[in-house]
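Shown next, in structure tokens, is the structure this report addresses.
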Amino acid sequence: MSWRGILEAYRSFLPVGEKTPVVTLLEGNTPLVFAPRLSRRIAPDAKVYLKCEGLNPTGSFKDRGMTIAISKALERGAKAVICASTGNTSASAAAYAARAGLACFVLLPKGKIARGKLAQALMSGAQVIAVKGNFDAALDLVRGVAEEHPVAVVNSVNPDRIEGQKTAAFEIVDALGEAPHYHFIPVGNAGNITAYWKGYREYKQAGKARRLPRMMGFQAAGAAPVFYDAPVKKPETVATAIRIGNPASWQAAKVALAQSNGLIDIVTDEEILETQLWLAVNEGVFVEPASAASVAGLLKSASRHHHPDCPLAAEVRASLIPASPIIVCTVTGHGLKDPDIVAHHKMKAVTVRATKGAVLEAMGLA
Ligand code: F0G
């Protein structure tokens with residue numbers, strides 16, 4: 001049978017009923033891509049997979065949460081939805097609201113949104129409001145407006161979002177036949193790590209998996225409130241998607257980390273960018289900077305030399321890592337979201353005259 005989106009695929013695990021209208025763009029069912037070169041960098045017998053969430057309809061994992069949030073908003077009779085966003089939530093909300101015929105308002109931190117994401121929100125007809133402040137300020141404003149006006153909030157403070165996003169964990173277990181030993185994931189507003197942990201737990205409860213993974217969360221060093229256990233007033237990182245100083249799902253993420261015996265750590269902008277380029281060059285997978293944080297975190301964690309204090313590195317030394325570890329990294333958004341990032345990598349085309357000689361010279365064959 002052809003794929004009908006996550007609501008139909010996992011209906012019995014989701015808060016939907018027969019009367020819930022199904023607003024879908026056939027999100028989910030994203031590729032779990034084996035990464036052979038990355039696996040070899042971790043350990044000779046490691047198996048590392050990339051859950052490529054950039055292959056969703058609007059290019060990020062947000063679509064899983066949005067199909068449920070917008071379907072439920074419609075069921076409850078909403079006429080308009082609102083969200084704050086570092087970009088991807090707004091792109092997804094705009095598309096699903098358009099599909100549902102709902103008005104959509106998005107509050108974005110002015111000047112800090114990747115170009116592709118802004119284009120998506122505008123092109124789907126959302127009312128885009130650029131706020132002279134960061135994401136945290138925009139989310140506060142959204143909450144204030146929604147308290148007084150009949151607009152449904154579709155940020156991940158809305159539990160329907162978490163419900164939808166947990167289906168990525170279901171798909172991973174369905175694909176592998178078991179949960180991985182480790183799950184690496186970027187952390188911004190902390191909704192997604194919360195959702196994956198919920199999904200893994202529910203699937204184990206349903207008898208679909210025997211084990212639970214350790215949740216390994218990574219924040220950008222300049223925007224790492226969970227790691228430092230204190231809000232960050234002025235978060236800064238090249239990974240604008242996770243430029244967040246006071247995450248909404250902070251407490252839930254702490255529970256996921258503690259219950260899974262996981263860890264929260266940081267990666268620098270340099271590590272994020274280096275990993276983004278490495279993945280594209282060595283695995284053919286082009287992801288946005290925030291998404292590279294999970295893989296950068298894996299590389300950091302597995303390195304015995306560079307990060308001796310990391311629990312995972314200690315486990316490697318003590319050989320506590322299971323033989324043949326199975327590791328999944330969520331890469332949350334597509335590289336096309338943020339085309340301006342090539343400037344950071346100093347990549348550019350060479351321009352030549354339209355002659356065979358000039359082309360051969362540029363190819364190094366002259
Ligand atoms: N990766 C990408 C590409 C994101 O867009 C986000 C969050 C995250 C990771 C972090 O996920 O917030 O659940 O911990 N983007 C939100 C947005 C904040 O507005 O698009 P999280």
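Summary of values
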quantity: Long-range HN-HN contacts of A130 with modeled amide H, under 5 Å; calculated: L108
quantity: J(HN,Hα) series, segment 83-91, from Karplus relation 6.51 cos²θ - 1.76 cosθ + 1.60, nearest Hz, glycine and proline x; calculated: 8, 9, 7, 8, x, 6, 4, 5, 4
quantity: Gaussian network model of the chain, Cα within-10 Å springs - most flexible of R243, R115, R214; calculated: R115
quantity: Percent antiparallel among DSSP beta bridges (both partners in the chain, rounded to 5); calculated: 15
quantity: Calculated from backbone phi, Karplus (6.51, -1.76, 1.60) coupling profile of segment 145-153 in Hz, x at Gly/Pro; calculated: 5, 5, 5, 9, 9, x, 10, 7, 7
quantity: Over the chain: helical MRE at 222 nm, DSSP H runs n ≥ 4 each giving -39500 (n - 2.57), nearest 500; calculated: -12000 deg cm²/dmol
quantity: GNM result for the chain, Cα springs below 10 Å: residue of A146, A195, A114 fluctuating most strongly; calculated: A146
quantity: Paired Rg and Dmax values of segment 144-264, which use every Cα atom, in angstrom; calculated: 15.3, 47
quantity: Long-range Cα-Cα pairs in the chain (distance over 40 Å), rounded percent; calculated: 13
quantity: Segment 258-265 - phi-based ³J(HN,Hα) in whole Hz, Karplus 6.51/-1.76/1.60, Gly and Pro as x; calculated: 6, 5, 8, 6, x, 8, 10, 8
quantity: Choice from V295, V226, V151 showing the highest fluctuation, given a GNM over the chain with Cα pairs closer than 10 Å; calculated: V151
quantity: Percentage relative contact order, segment 173-307, counting C-alpha pairs under 8 Å, at least six apart; calculated: 27
quantity: Cα-centred dipole magnitude for the chain, charges only on beta-carbon of K, R (+1) and D, E (-1), debye, nearest 20; calculated: 260
quantity: Pairwise centroid distance, computed over Cα atoms, of segment 166-226 with segment 38-54, Å; calculated: 16
quantity: Amide H contacts of R214 (H built 1.01 Å from N, under 5 Å, at least 5 apart or other chain); calculated: Y182, H183
quantity: Cα coordinate range in segment 1-115, projected on the principal axes (Å, largest first); calculated: 54, 43, 20
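Quick note: the coordinates plus some simple rules give every number you see, no bench work behind them. Small disclaimer: the values here were computed from a predicted structure and weren't measured. When we count neighbours, we look across all protein chains shown, and the Cβ atoms used for this are built from the backbone with ideal geometry, even at glycine.
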